[in-house]
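Notes to accompany the following structure.
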Amino acid sequence: MISKKILVIVSIIFAMLYHVIMHLDLYGPSLGKTVANSNSFLALGSSLIMAFVYISTKWRVDLNGSKVLVLYEIIIIYVLICYFRGFLNIYKTYTIKEMLFSPYAGLSLFPMFFFIVGINRKYFYFFNRFLFIYCLVIFVLSLPLIRYFELQYFLLMPLFYVIVTFPMQTPRDRILTFVMAMVVVITSMTNRAGVLRASISYMIIILFYVVLKMRINKKFITVIVFIALTVPFYLIYLGISGKDVFKMVLGENKLEGYAQENLRSDTRTFLYVDVFRDLKINQAFAFGKGINAGYASDDFETFNRVAIEVGFLQILLKSGIIGFLLYSALIISSIFMALNKSANYFIKYLALLLCGYFFMLFIENIVAFNLLNVVIWFIVGVCHSKELRALNDEEIKELFLNGQLKKVPA
């Protein structure tokens with residue numbers, strides 16, 4: 001019988017291959033319809049494997065009766081309901097394909113199952129190693145394609161997490177990580193979300209080295225993080241009150257319309273207006289419209305735009321306020337669990353990474369089947385893992401580098 005570890009490894013490899021092929025086809029040389037269509041089966045294969053692991057293995061013992069297990073199970077059940085509601089939105093044969101194979105519709109559910117990988121200590125080493133090797137190999141392969149606009153950023157999307165592992169890496173891997181990160185940032189300076197995501201990771205590393213030996217009151221950090229998490233909700237309140245939040249933050253846009261090279265372009269306000277208007281018309285604020293739901297947009301000249309560049313709006317459209325509150329509860333519980341109940345700095349700083357992710361959810365971080373979301377759910381699992389939180393700094397570094405802890409002589 002195939003072990004759970006082998007199944008998880010195969011699922012991760014399938015997800016990585018799918019991510020590369022999808023973004024090569026979208027932002028690089030066209031790979032043709034045959035390759036693009038066949039690629040969907042990699043995502044479906046990865047998803048079905050993780051669904052099988054969820055249903056048929058004893059992964060729940062890794063949580064040891066933790067209350068978060070109940071919350072996670074409720075989220076999975078609720079999202080599955082939204083998934084099956086999606087079949088009610090099928091009105092032409094082509095939307096069945098979209099429902100099953102679109103990374104922004106049916107497939108967007110399945111990265112949540114990688115939470116199972118994060119909570120189990122035995123997956124920690126190989127997941128991190130696979131992710132680093134993936135970034136290194138794809139970085140080298142992407143160099144001849146560097147002329148394609150921002151392709152390297154999309155291919156190396158999980159690099160934001162690899163940067164945070166910097167303090168635990170070997171000296172050689174640190175150099176490679178630094179080189180990869182700098183090249184990606186330089187070649188993607190016009191991608192605000194990409195630069196911001198990398199900047200957050202760099203700031204966490206700087207914080208690591210600055211405060212490593214300083215005593216900081218845990219309550220003070222918790223209060224600061226809590227305030228940071230409330231900022232997006234305050235900004236939404238300002239937006240609902242009629243304030244142009246993005247103009248307040250970005251300043252006046254002196255160029256007419258949208259220009260990729262103009263970092264002050266407001267590309268988000270109209271999305272909020274369109275989605276909120278659609279939800280109001282359909283009376284769907286509470287429960288959303290189903291996992292493959294779209295919204296009407298005059299700007300995109302469509303009545304059913306499925307993909308939304310803003311994760312918050314996407315969750316709201318597909319699962320409603322109920323879905324967003326459940327999603328937020330698990331993310332926020334991960335943050336405070338890691339900050340207050342971790343014996344090592346690494347997991348504490350993963351909490352800060354999740355805090356940055358949550359903030360960006362209101363301006364970016366589209367929920368989809370890609371490596372960004374796979375990594376995020378792995379991190380959420382790590383933050384809820386009692387075994388990993390119990391390790392001290394030396395132990396988690398040893399596990400990260402060698403896959404096992406040193407045996408203490410009897």
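The values are calculated or read from the model by the stated rules, or taken from the named source; none is laboratory data. Computed from a predicted model, the values in this text were never measured in an experiment. Ideal geometry is used to build each Cβ from the backbone, glycine not excepted, and the neighbour counts take in all protein chains shown.
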Response to the item:
Picking from Y83, Y78, the residue that is touching a residue at least 60 places away in the same chain (Cβ under 8 Å), surrounded by 19 or more Cβ atoms within 10 Å (Cβ to Cβ) and either part of a helix (DSSP H, G or I) or in contact with a strand residue (DSSP E or B) (Cβ under 9 Å, 6 or more places away or on another chain) (or both) would be Y83
Worksheet item: Any residue in the range 18-30 that is part of a helix (DSSP H, G or I), more than 20 Å from the chain's Cα centre (by Cα) and not hydroxyl-bearing (S, T, Y)?
Response: yes
Response to the item:
Scanning the range 44-75 residue by residue, those without any contact (Cβ under 8 Å) to a residue 24 or more places away in the chain, farther than 22 Å from R389 by Cβ and among the small types (G, A, S) turn out to be S56
Discussion item. Looking only at residues that are of a type in the set (A, V, I, L, M, F, W, C) and surrounded by fewer than 15 Cβ atoms within 10 Å (Cβ to Cβ) in the range 271-283, which one is farthest from the chain's Cα centre (by Cα)?
Written reply: I281
Practice prompt. Only residues that are of a type in the set (G, A, S), modelled with pLDDT of 90 or more and within 16 Å of the chain's Cα centre (by Cα): list them for the range 284-332, please.
Written response: G311, S328, A329
Fill in: Residue in the range 209-223 that is surrounded by 14 or more Cβ atoms within 10 Å (Cβ to Cβ), modelled with pLDDT of 70 or more, in contact with a Phe, Trp or Tyr (Cβ under 9 Å, 6 or more places away or on another chain) and over 20 Å from V375 (Cα atoms) present
yes
Practice prompt. Go through the residues of the range 269-276 one by one and say whether even a single one is modelled with pLDDT under 90, at negative phi, assigned to a loop (DSSP other than H, G, I, E, B) and not charged (D, E, K, R).
Written response: no
Discussion item. Among the residues that make up the range 13-33, is at least one of them closer than 25 Å to K122 by Cα, surrounded by fewer than 21 Cβ atoms within 10 Å (Cβ to Cβ) and of a type in the set (V, I, T)?
Written reply: yes
Worksheet item: For the range 159-204, what are the residues that are modelled with pLDDT under 80 and either in contact with a Pro (Cβ under 7 Å, 6 or more places away or on another chain) or of a type in the set (S, T, N, Q) (or both)?
Response: S188, T190, N191
Worksheet item: For the range 140-165, which residues satisfy the criterion of being in contact (Cβ under 8 Å) with a residue 40 or more places away in the chain and assigned to a loop (DSSP other than H, G, I, E, B)?
Response: I146, Y148, F149, E150, M157, P158, T165
Item to complete: Could you pull out the residue among F149, F124, F139 that is among the aromatic types (F, W, Y), farther than 12 Å from V374 by Cα and surrounded by fewer than 16 Cβ atoms within 10 Å (Cβ to Cβ)?
Response: F149
Discussion item. Residue under question is D62, and the condition is that it be in contact with a Leu (Cβ under 6 Å, 6 or more places away or on another chain), part of a helix (DSSP H, G or I) and either charged (D, E, K, R) or on the phi > 0 side of the Ramachandran plot (or both); does it hold?
Written reply: no
Worksheet item: Which is closer than 23 Å to Y83 by Cβ, in contact with a strand residue (DSSP E or B) (Cβ under 7 Å, 6 or more places away or on another chain) and touching a residue at least 12 places away in the same chain (Cβ under 8 Å), of L317, L326, L330?
Response: L317
